[in-house]
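Notes follow the structure.
Each value in this text was obtained by applying a stated rule to the coordinates, not by laboratory testing. None of these values were measured; they are calculated from a predicted model.
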């Protein structure tokens, strides 16, 4: 019981140090984000959308209009969704069922399914 005060003091100091370092890390990361936003605004200018200050649409990258950019975005999303459904067959190294005894664990599991253990 005499070491209870010391244990509580060490716990408070350890947890306080951890929380202080996490707070410091959070402040550093927010500062980096703030500096990055300022640099991006300075590099690209104040307008970051595809519309002028007048409301007239600008041409996007390589002379694309906003409608063309939207069409390309929809095509990319659709392609990714279709490709995701085909990912398992496309990423396989071997054909399913070609390695029936791929590991001892699989073989033992299959043998227990087919022939359960019985005491002698």
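Treating the Cα atoms of region 1-45 as identical point scatterers in vacuum, please give the log10 of the normalised Debye intensity I(q)/I(0) at q = 0.29, 0.32 Å⁻¹, two decimals.
For region 1-45 at q = 0.29, 0.32 Å⁻¹, log10 I(q)/I(0) is -0.91, -0.97.
Test of understanding: what is the full-extension gain from residue 40 to residue 28, defined as 0.36 nm times their sequence separation minus their Cα-Cα distance?
This chain segment gains 2.5 nm when fully extended.
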